[in-house]
Structure formats: C-alpha cells, structure tokens
Amino acid sequence: MNLTISRAHAWLALVAMAAIVLQFFLAGIGIFGAASIQAHRITGYCITLAAVLLLVFALIGQLGRPRIMFSAILVALLVVQIALIESKQPWIEALHPLNALAILGVTAQLAMRGRGAARSGSSTDSVTARAVPGE
Ligand code: HEM
C-alpha cells in the first residue's frame, strides 16, 4: 500500500514540476500581453492543490521524514506565493517570481527523492533508507 502511495507521490511531484516550468511561460504570456494572466492563475491554484495532495500522500504513506518535510515546505511556499500577490504591495509582489524559484527547487527535490524511492523499491527514498538501516 505504502509503495503504491510512494509511486503516486513520485508521479505527482513530476507532474507538478512540469506544471511549474509551464507556469513561468504562462506568466510571460500574461506579463507581455500575448493573452490574459488567467491561465497562470488557474494553473497556480492547481499546483497548490497538487501540493496539498503531495503532503497528504506523504503523511498517509509514511514516505519518510524528508519527503514529508519537503511536501510541507512546498504547501507553505505556495501559500506564501498567493499571499505575496494578495498583499497588493508592489515591493512584496516583486518577491513572487523569486519565491517561484524556491518552489521549483523544492518540487525538484521531491521528484528526485521519488525516483530514488522507486529505484530502491522502497516507499522511502534512498537517503532515508541509508540513514535508517533496516527500514
Ligand atoms: C511556482 C510558480 C508560480 C506559481 C505557483 C504562481 C501562482 C500564482 C497565482 C496562484 C496567482 C494568482 C494570485 C491571486 O489571484 O491572488 C499568480 C498571479 C500572478 N503571477 Fe504567479 N506564480 C508562479 C510564478 C510566477 C512567475 C515566475 C511570475 C513572473 C515572472 C509570476 C507572475 C504573476 C503575475 C504577474 C500575476 C498576476 C498578478 C495580478 O493579478 O495582479 N508568477 N501567480
């Protein structure tokens, strides 16, 4: 069961990473006026939903401390990402693209650790497996 959840987590992390890369392009489309920023907004909320799912999977699948921790950090960064825009303060909103880089980095960590877990055939990634022998 935990192995299935681990695989679902790994796949969702990969999909989220692809969506975040797309998100940079959708921001460009909106900023440079090729189309409205609406697609970027909708994708942003979908990514946030995916992050909540990642955290739920990590918790119920007991995927190990690193994947639980990075999933929780991702949810927090996405809440901050929306709050930055909601602040309506240009100097604070300007941090939105910078925070996007942190979001991409954390999601990449999750995707890599998911791959590691899949390769080792365990529900926890290889770093955790080494740190807790016999798990
Ligand atoms: C991880 C990547 C990103 C996510 C998840 C994300 C998410 C979001 C969300 C959810 C909104 C709507 C917020 C609201 O309606 O209150 C938004 C708006 C916006 N984002 Fe992003 N964003 C990301 C990256 C970027 C980047 C890289 C840029 C620019 C270089 C950018 C520029 C904007 C702009 C211009 C808006 C519209 C602001 C407005 O309505 O006044 N975003 N973003």
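State yes or no: is residue 28 in a helix (DSSP H, G or I), of a type outside the set (A, V, I, L, M) and within 29 Å of residue 124 (Cβ to Cβ)? Can you show your working first?
Details: in a helix (DSSP H, G or I): yes; of a type outside the set (A, V, I, L, M): yes; within 29 Å of residue 124 (Cβ to Cβ): no.
For residue 28, the condition - in a helix (DSSP H, G or I), of a type outside the set (A, V, I, L, M) and within 29 Å of residue 124 (Cβ to Cβ) - is not met.
When you look at residue 71, is it among the hydroxyl-bearing types (Ser, Thr, Tyr) and surrounded by fewer than 15 Cβ atoms within 10 Å (Cβ to Cβ), yes or no? Here the answer is no, as residue 71 does not meet what is asked. Taking each residue of the range 25-41 that is under 17 Å from residue 85 (Cβ atoms) and looking for partners that are outside any helix (DSSP H, G or I) and among the small types (Gly, Ala, Ser) with beta-carbon atoms closer than 9 Å, six or more apart or interchain, yields 26/35; 28/34; 29/35; 29/36; 30/36.
Taking the criterion of being away from the ligand (no atom under 13 Å from the Cβ) and more than 16 Å from residue 57 (Cβ to Cβ), the residues of the range 80-115 that qualify are 91, 112.
Is there a residue in the range 52-65 that is within 19 Å of residue 16 (Cα to Cα), within 11 Å of the ligand (Cβ to nearest atom) and touching a residue at least 12 places away in the same chain (Cβ under 8 Å)? Within the range 52-65, not a single residue is within 19 Å of residue 16 (Cα to Cα), within 11 Å of the ligand (Cβ to nearest atom) and touching a residue at least 12 places away in the same chain (Cβ under 8 Å). Count of the range 24-51 residues, restricted to those that are more than 10 Å from the ligand (Cβ to nearest atom) and either at positive phi or of a type in the set (Lys, Arg) (or both), is 1.
Read the figures in this text as sums done on the coordinates, not as results from a lab. Just so it is clear, the structure is predicted and the values come from calculations on it, not from any experiment. Positions of Cβ are backbone-derived with ideal geometry, glycine not excepted, and every protein chain shown enters the neighbour counts.
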